[in-house]
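Coordinate-derived values only; no laboratory data. Please read all numbers here as calculations on a predicted model, not as lab measurements. Cβ: placed from backbone, ideal geometry, glycine included. Neighbour counts: every protein chain shown.
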Amino acid sequence: MEHSPQKNLLEVKNLTKVYEGGVKALTDVNFNVKKGEFLAVIGLSGSGKSTLLRCINRLVDPTSGTIIFNGQSVTGATDEELRMIRRKIGMVFQHFNLVSRSSVLTNVLSGRLGYANPAWSLINRFSDEDIKFAIHQLERVGIADKANYRADELSGGQQQRVGVARALMQDPEMILADEPVASLDPVLAHSIMQYLEEINKKDGVTVLCSLHFLDLVHRYSDRVIALNNGQLVFDGLPKEIDDNKFKEIYGKDAERVG
Ligand SMILES: Nc1ncnc2c1ncn2[C@@H]1O[C@H](COP(=O)(O)OP(=O)(O)OP(=O)(O)O)[C@@H](O)[C@H]1O
């Protein structure tokens with residue numbers, strides 16, 4: 001079992017999140033993710049996609065339920081264990097979350113620090129090896145020539161490439177991408193998705209990616225889960241989302257646009 005390619009990298013069991021104030025963002029969500037899968041997470045705005053992704057690395061603390069990553073409990077982890085788990089989970093954000101006045105290189109290097117406050121990178125010194133590794137990640141996403149630019153001098157698409165390079169800096173086993181292309185011009189979406197695809201297919205990094213458009217889901221994901229009002233309403237192949245499933249996921253007034 002240990003070496004089976006079908007091994008679950010992630011197990012989410014009975015996950016519930018109720019925010020302070022009483023909003024129930026997730027209700028009893030269950031699913032597994034196999035090592036090497038590209039899993040899309042879909043659902044209307046407010047359905048709980050961000051909450052779900054953020055519970056997995058405990059940027060948001062679940063109210064109840066269990067999350068197991070690589071055989072280790074995330075929900076039961078001590079602070080030190082959580083730090084180690086987070087090193088293996090890269091995150092890509094919708095709004096890039098770069099330190100805008102820092103250089104591209106510094107932003108990428110901050111990935112080395114896991115989820116420490118990016119400001120730490122300003123006072124930390126990095127080894128030559130780290131710097132080489134960071135440049136290598138920038139080469140992978142085609143913007144090594146921008147290493148010394150300030151992050152806010154880059155276009156949105158370029159900034160998200162920095163976000164991807166920063167996640168790669170952690171040498172992650174899994175990447176959580178929270179609507180990574182939702183802030184970009186649609187014509188740039190594929191370029192970012194193609195980097196995620198390459199990282200998934202070439203490096204075997206498992207990807208969980210929330211997406212708005214079904215055409216992207218069909219093109220890039222192996223499997224899809226869908227949330228509706230915090231509940232898991234679909235877990236299957238992209239091609240299984242027929243018109244009925246589509247209405248269940250998005251509601252009866254929804255129309256397909258892609
Ligand atoms: N920090 C918070 N405090 C209270 N309620 C929150 C918080 N974050 C999210 N929510 C609520 O939880 C529900 C799920 O939100 P979430 O952001 O997870 O959904 P989403 O599917 O990612 O939506 P979007 O696509 O708009 O980001 C929503 O009702 C939202 O208003």
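What to note about this one:
- Integer Hz, Karplus 6.51/-1.76/1.60 couplings in order for the stretch 108-113, x for Gly and Pro: 5, 4, 5, x, 4, 8
- Three-way shape call for the stretch 1-80 based on the alpha-carbon gyration tensor, with the a/c threshold at 1.5: oblate
- The stretch between Glu240 and Lys132 holds 34.5 nm of extra length on full extension. This uses 0.36 nm per residue minus the Cα-Cα distance.
- For the chain, modelled as a GNM whose springs connect Cα atoms under 10 angstrom apart, the maximal fluctuation among Glu37, Glu179, Glu129 occurs at Glu129.
- Considering every alpha-carbon pair of the stretch 122-163, the percent of pairs per 5 Å bin, from zero through the bin containing the longest distance, is 6, 22, 28, 24, 15, 4.
- When the chain is treated as a Gaussian network with alpha carbon springs shorter than 10 Å, the biggest mean-square fluctuation among Gly236, Gly36, Gly48 belongs to Gly236.
- Taking the DSSP beta bridges with both ends in the chain, the antiparallel portion is around 55 percent.
- Taking a ≥ b ≥ c as the square roots of the eigenvalues of the alpha-carbon gyration tensor, the chain is classed prolate because a/c is 1.5 or more and a/b outweighs b/c.
- Helix 156-168 and the longest principal axis of the Cα set of the chain meet at an angle near 90°.
- Whether the stretch 159-222 is rounded, prolate or oblate, judged on the alpha carbon gyration tensor where a/c under 1.5 counts as rounded: oblate
- Charges were assigned to the Cβ only: +1 to each Lys and Arg, -1 to each Asp and Glu. The resulting dipole of the stretch 113-227 about its Cα centre is roughly 20 debye.
- For the chain, a Gaussian network of Cα nodes joined below 10 Å ranks Leu184, Leu211, Leu138 by mean-square fluctuation, and the top entry is Leu184.
- Reachable lysines from Lys252, criterion Cα separation under 23 angstrom, eight or more residues apart if same chain: Lys24, Lys49, Lys239
- Restricting the stretch 155-258 to GluC sites (Glu not before Pro) in coil, as DSSP defines it, with at most 13 other Cβ within 10 Å: Glu255
- Residue-averaged 222 nm ellipticity for the chain, from DSSP H runs of 4+ at -39500 (n - 2.57), nearest 500: -9500 deg cm²/dmol
- Calculated from backbone phi, Karplus (6.51, -1.76, 1.60) coupling profile of the stretch 209-216 in Hz, x at Gly/Pro: 9, 7, 9, 8, 9, 5, 5, 5
- Residue (of Gln194, Ser110, Gly157) at the positive-pole extreme of the chain, dipole from beta-carbon charges: Ser110
- Theoretical FRET efficiency, 1/(1+(r/R0)^6), r = Cβ-Cβ of Gln231 and Lys201, R0 41 Å, to 0.05: 0.85
- Share, in percent, of DSSP beta bridges within the stretch 141-258 that are antiparallel, nearest 5: 55 percent
- Against the main long axis of the alpha-carbon atoms of the chain, helix 186-203 sits at an angle near 80°.
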